[in-house]
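Laboratory data are not the source of any read-out in this text; all were calculated from the coordinates shown. If you're wondering where the values come from, they're calculated on a predicted model, not measured in any experiment. Don't worry about glycine lacking a Cβ; one is built from the backbone with ideal geometry, like all the others, and counts go over all protein chains shown.
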Amino acid sequence: MDILNQLTEKITLLLERQEALKLENMQLKESLEQERQTKEAVLSRVENILNSLQEVDRN
């Protein structure tokens with residue numbers, strides 16, 4: 001029975017680790033999406049600035 005208890009304990013620990021990794025993965029995906037949105041906002045601002053500079057240069 002000792003081996004069965006050890007196996008049960010290891011399986012329980014692995015399942016807990018799996019859940020922790022799922023949570024971490026979800027959090028990382030959310031963080032990545034926020035970073036993507038920030039990047040898009042910055043790129044948009046840079047494009048607007050460049051367009052403004054081009055307009056000034058044409059005049």
*C-alpha long axis of helix 2-58 to longest principal axis of the chain, angle in °*: 0
*Estimated dipole of the chain in Debye, rounded to 20 [Cβ of Lys and Arg +1, of Asp and Glu -1, Cα centre]*: 120
*By how many nm would the segment from Q54 to E9 grow when fully extended, if each residue of separation counts as 0.36 nm and the alpha-carbon distance is taken off?*
9.5 nm
*Kirkwood Rh, the chain, all Cα pairs: how many Å?*
15.7
*Stretched out fully, how many nm does the piece from V46 to S31 gain, at 0.36 nm a residue minus the Cα gap?*
3.1 nm
